[in-house]
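Asker: This structure is in structure tokens; I'll ask about it shortly.
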Amino acid sequence: MRQIFLDTETTGLYHAQGHRVIEVAAVEVLNRRFTKQHFHYYLNPDREIDQGAQEVHGISLEFLQDKPRFADIAQDLIAFIADSELIMHNAPFDVGFLNCEFGLIEQPPVERIVAKVTDTLKIAKEMRPGQRNSLDALCRHFGIDNSRRTLHGALLDAELLADVYMAMTRGQDSLMMELDKPHKSNAGINPQSTQPLLIALANLAEITAHEEYLAALAKSGDCVWQSLSLSSEN
């Protein structure tokens, strides 16, 4: 299954208050490797941006004036994420905003577009209970270089999230790879390709030493080997 790592930036924290998506980015991963496919747009929200939000992502309304609106790129976004495992950090936030945007243009919600939604924040909290699990904190924990992340940006954050996810799931992936490998058995061995068994026979000195050892045992009491030998002769 294709994995799509997605992130958004918005005009504020709550879509229920009319806030909108102003940046959406997604990167594609196949077999735990980045492909060259990615999706990235800045969007004109047709509304003001909260000061607190702008301090986080640094995107100004002036910068967005000539950018497309969400409705203009919606079909391309749907095509890019369709039938994938969609992976996000704090997925309810991004899914909530995307579903709000899709609802405004009468498009289906994310859950009906993709095959699966995965929340890396939930995974991180289960792995590291009681610890900070922001994207920056996880990058530090897993040794991922996030020095370019001076501000939040959807494309860079999606790429960093993919690196974090692969670090978090490395053990699970190795296990699944082992389970997928065919188990070795003798069923496919060609007998003609195997080496013949080597049979080493005792020499005269070894036979004599063995008989002397049994004689010594016989002097000390009942010798099991001698009894078995005599019974077999009778």
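The values are calculated or read from the model by the stated rules, or taken from the named source; none is laboratory data. This one's a predicted model, so the numbers in the text were calculated from it and none came from an experiment. Here the Cβ positions follow ideal geometry from the backbone for every residue, glycine too, while neighbour counts run over all protein chains shown.
Asker: Having 3 or more residues that are within 30 Å of the chain's Cα centre (by Cα) and of a type in the set (Val, Ile, Thr) is the bar; report the strands (runs of 3 or more DSSP E) wholly within the stretch 1-90 that clear it.
Answerer: 3-10, 21-30
Asker: If ARG20 satisfies all but one of (1) exposed (fewer than 13 other Cβ atoms within 10 Å of the Cβ); (2) among the basic types (Lys, Arg); (3) in contact (Cβ under 8 Å) with a residue 40 or more places away in the chain, what's the number of the condition it fails?
Answerer: (1)
Asker: Among the residues of the stretch 135-173, what is the count of those that are hydroxyl-bearing (Ser, Thr, Tyr) and over 18 Å from the mean Cα position of the chain (by Cα)?
Answerer: Adding up the residues that qualify gives 2.
Asker: Only one residue in VAL56, VAL95 is at pLDDT 95 or above and among the β-branched types (Val, Ile, Thr), so which one is that?
Answerer: On the way: VAL56 fails: at pLDDT 95 or above.
Only one candidate qualifies: VAL95.
Asker: Residues in the stretch 23-31: is at least one surrounded by fewer than 19 Cβ atoms within 10 Å (Cβ to Cβ) and closer than 27 Å to ARG148 by Cα?
Answerer: Checked the stretch 23-31: at least one residue is surrounded by fewer than 19 Cβ atoms within 10 Å (Cβ to Cβ) and closer than 27 Å to ARG148 by Cα.
Asker: Against the definition (surrounded by fewer than 19 Cβ atoms within 10 Å (Cβ to Cβ), among the aromatic types (Phe, Trp, Tyr) and in contact (Cβ under 8 Å) with a residue 12 or more places away in the chain), how does PHE97 come out, yes or no?
Answerer: no
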